[in-house]
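The values are calculated or read from the model by the stated rules, or taken from the named source; none is laboratory data. Computed from a predicted structure; not experimentally measured. Here the Cβ positions follow ideal geometry from the backbone for every residue, glycine too, while neighbour counts run over all protein chains shown.
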Amino acid sequence: MKHSFQEWVVATRPWSFPASVMPVAVAAVWVAVTGQSVNWWLAVAAMVNIVLVHAAGNVWSDYYDFKCGVDRDGAYCVSTLTSGKFSLREVWALSVGLQTVAVVMGCTIVALTGLPLLWIGLAGIGLSLLYPPLKYHALGDVVIGFCYAVLPMLGTTFIVSGEVMPEVLWLALPVGAITVGILHANNTRDIDMDAAAGIKTFSILTGRRTAVWLYVVEVLLPYVWLAAICVLGIVDWCALLAFLSLPLALRNVRVMTSDREEDRDAFLRLDEATAQLQLAFSMSLIVGLLLSLFL
């Protein structure tokens, strides 16, 4: 069966890409704010590269979930495979193709920057490939935190400045917490279906009630953390512009903690809404950081 370009793109779950682009963007701008010279061309290359890795990881996860019976008829999941629109072979080929392009591009960036980036990249790709089985053993949240906060932000500081700057991790926590919230919203929604499939996500391990309140922490802690590091002088007060996204966070909290039947559609799509929150929080944070250069 032939597929349109749009169908191939949709199969990669593009709505989730803020989770990978935003950590790179925040880290690059943070480096500029610290007074370092930034290679913006390499920053853009890093964004493209991590989106390729992310897309490959999404497709690989869908392949693995379908093959293991986690995604199946009756489950609320990506319909790429369950609908029969794509075959397992096609999805596998898409993931391998995207991963291959990502590796080639990553090696090019390593050649342009330096060997330390290689180890960060290998760790990211390795965790991406191991993500499905690790998620089935309640470690998915940890993997996402490393792959879409710690590793890309450290790697970006090296790519754009030539040195790894651990101080960027002050911003990795708020950015990463919301990203983990995307997965946590998904896994909390799917507790019953995942348990029936015989896997154990972190949401299953904690139980539904605790999982709900962990999500609340994941989307509200970033604002408390950001205010604290502003008070400590670690980042400029302009970074508090990120609070413009707080109404979105509160809306998501309301959806997670309310009666499921009152707004079932919003609950089912809470992972997408959390990705939108990630975009809003990070973009307003970036604008705030840039404003600090002029105020």
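Points worth noting:
- From the list VAL91, VAL103, VAL44, VAL143, the one residue that fits, being part of a helix (DSSP H, G or I), free of Cβ contacts under 8 Å to residues at least 24 places away in the same chain, within 30 Å of ARG264 (Cα to Cα) and not hydroxyl-bearing (Ser, Thr, Tyr), is VAL143.
- Residue under evaluation TYR223, criteria (1) at pLDDT 95 or above; (2) within 20 Å of ALA138 (Cβ to Cβ); (3) not aliphatic (A, V, I, L, M), criterion not met: (2)
- Which numbered condition GLY233 misses (of (1) part of a helix (DSSP H, G or I); (2) at pLDDT 90 or above): (1)
- When LYS200 is tested against the conditions (1) closer than 24 Å to LEU270 by Cβ; (2) touching a Pro at 6+ places or on another chain (Cβ under 8 Å); (3) surrounded by fewer than 21 Cβ atoms within 10 Å (Cβ to Cβ), the lone failure is (2).
- Of the listed requirements (1) within 25 Å of PHE267 (Cβ to Cβ); (2) aliphatic (A, V, I, L, M); (3) assigned to a helix (DSSP H, G or I), VAL70 misses just one: (3).
- Every pair of residues 6+ apart whose Cβ atoms lie under 8 Å, when the first sits in the stretch 154-183 and is within 20 Å of LEU220 (Cα to Cα) while the second is acidic (Asp, Glu): ALA177/GLU218; ILE178/GLU218; VAL180/ASP141; VAL180/GLU218; GLY181/GLU218; ILE182/ASP271; LEU183/ASP141; LEU183/ASP271
To keep it simple, each residue is scored yes or no on (1) of a type outside the set (S, T, N, Q); (2) closer than 23 Å to LEU277 by Cα; (3) crowded, with 23+ Cβ neighbours inside 10 Å.
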| site | (1), (2), (3) |
| --- | --- |
| MET22 | yes, yes, yes |
| TRP40 | yes, no, no |
| LEU52 | yes, yes, no |
| THR108 | no, no, no |
